[in-house]
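Before any comments, here is the structure.
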Amino acid sequence: MRNDWKTQMKINASLVEDALARYLETPDEDLSVLYEAMRYSALSEGKRIRPFLVIEFCRLFGGTAKEALPFACAIECVHASSLIHDDMPCMDNDDLRRGKPTNHVVFGEDIALLAGDALITKGYELAARNPFVSPEIALGATAMLLKNAGGFGMMGGQQIDLLGEKNPVDFPLLLKMHAKKTGALIIASALLGCYAAGIASEEDERMRDAALYAENIGLAFQVIDDILDATSDDITLGKRVHADERMQKTTFLTEMSVEEAFTYAKQKTEAAVSAIEKYENSAILADFAKYLLERKK
C-alpha cells in the first residue's frame with residue numbers, strides 16, 4: 001500500500017536533503033564561503049515541492065526514487081538559485097525567506113550573486129550526470145531543464161515581473177508571467193520525473209498529461225501565493241507579507257476578489273487532477289494538488 005502524500009513528502013524531502021548535503025560539500029577550503037552560502041539556501045527549510053513532483057512522476061510511470069534523485073536535486077538547486085536572486089535588492093529586495101534572513105543579508109550581495117549562479121549551474125551538472133539513466137535521457141532532461149529555467153522560461157517570467165513594476169500588466173500578460181516565472185520549473189519537475197522513468201519524448205501522452213497537471217497546479221500555486229501575501233502574516237508565511245502591494249505589482253487580486261481568486265485556483269486544481277486520474281496510483285499526486293490549494297504557507 002502506498003504512503004499518503006504527507007508521509008511520502010517527508011520521505012522524499014529527507015532523501016533530497018541528504019543527497020544535496022553530499023552534492024554541496026565544500027570541495028576546496030578556499031571556496032568555503034561560497035559553498036556555505038549555497039548550502040544556506042539550498043538546505044534551508046522548505047516544502048520541497050519540485051523534488052516531490054520529480055520523484056512521484058517517476059514512480060507514477062514505473063521508475064524509482066533512485067533514478068529520480070539526481071534530477072530532484074537538480075531542480076531544487078535551480079529553484080534555490082532563483083530564490084537567492086529574487087530576494088536581492090535589485091529584484092524584490094526581501095530580507096526574509098523561509099523564516100530566515102535572506103542570502104544576501106547574511107553573506108552580502110556579491111557572494112549571494114555567486115551562490116545563485118553556482119547553484120543553477122550545479123543543477124544542470126547534476127541533471128547531465130545522472131548515472132541512473134541513459135546518456136540520451138540525461139541529455140534530453142538537461143536540455144528541457146535549461147529551456148524551462150532560461151530566458152524563455154523562468155528568467156523570462158522574471159523580466160516580465162520586473163517591468164510590470166513600472167508598467168501595468170493586463171491579465172493575459174499576468175498569466176504568461178506566472179506560466180514562466182513559477183510554472184516553468186513546476187512543469188520541468190514533472191517532466192524530469194518522466195525522463196527518470198525512461199520516457200524520452202515530450203510528445204509521449206504521459207509527458208503531455210504530466211505537463212498539463214503541472215501547468216495547472218503551478219497556476220493554482222501562484223494564485224494562492226497572491227492570496228497569502230495579502231491575507232497572512234510574516235510568522236505564518238516565513239517571509240514578509242504585503243510585498244506585492246509595497247512593490248505595486250499586478251497580481252491575481254488586482255483582477256479578482258479573494259473569493260474569486262480562490263475559486264479560480266480551485267478550477268485549476270480540478271483540471272490538474274483530471275489530467276492524471278486515468279493512471280493507476282495517481283491518488284498521491286491528486287491529493288498533493290488539493291493540499292497546494294488549501295495550504296496556509
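The heavy atoms of residue 224 offer some 10 square angstrom of accessible surface to a 1.4 angstrom probe. Rg of the Cα atoms in the range 70-128, relative to 2.2 N^0.38 Å, amounts to 1.11.
Put 206, 295 in order of accessible area, highest first, and with a 1.4 Å probe you get 206, 295.
Counted over the range 125-228 with a bin width of 5 Å, the fraction of Cα pairs per bin, in whole percents, is 2, 14, 20, 22, 17, 11, 8, 5, 2, 0. Sorting 132, 262, 61, 152 by solvent-accessible area of protein heavy atoms yields 152, 132, 262, 61, largest first, with a 1.4 Å probe.
In whole percent, how big is the carbon plus sulfur part of the accessible area of the chain, probe 1.4 Å, protein atoms only? It is 54 percent, rounded to a whole number. The mean of 1/r over all pairs of different alpha-carbon atoms in the range 20-179, once inverted, gives a Kirkwood hydrodynamic radius of 16.7 Å. Dipole magnitude for the chain: computed about the Cα centre from +1 point charges on Lys and Arg Cβ and -1 point charges on Asp and Glu Cβ, it is near 600 debye.
When the residues 111, 11, 137 are ordered by accessible surface, computed with a 1.4 Å probe over the protein chains alone, the sequence from largest down reads 11, 111, 137.
Might you work out the accessible area of residue 98 for me, using a 1.4 Å probe with all protein chains in place, and round it to the nearest 10 Å²? Here the accessible area works out near 60 Å². Would you kindly find the accessible area of residue 40, with a 1.4 Å probe and non-protein molecules such as ligands, DNA and RNA excluded, rounding to the nearest 10 Å²? Spelled out: residue 40, probe radius 1.4 Å, area about 50 Å². Of the GluC sites (Glu not before Pro) in the range 20-113, the ones in a loop by DSSP (not H, G, I, E or B) with at most 15 other beta carbons within 10 Å are 25, 45.
Using just its DSSP H runs of length 4 or more, each adding -39500 (n - 2.57), the chain gives a mean residue ellipticity at 222 nm of -22500 deg cm²/dmol after division by all residues. For the range 257-297, the solvent-accessible area with a 1.4 angstrom probe is 55 square angstrom per residue.
Charging the Cβ of each Asp and Glu at -1 and of each Lys and Arg at +1, and nothing else, the dipole of the range 97-214 about its Cα centre rounds to 340 debye.
The values are calculated or read from the model by the stated rules, or taken from the named source; none is laboratory data. Keep in mind that this is a model prediction, so the values were computed, not measured. As a convention, Cβ positions derive from the backbone with ideal geometry for all residues, glycine included, and neighbour counts pool all protein chains shown. SASA here: full protein model, heavy atoms, side chains in, ligands and nucleic acids out. Shrake-Rupley method; radii C 1.70, N 1.55, O 1.52, S 1.80 Å.
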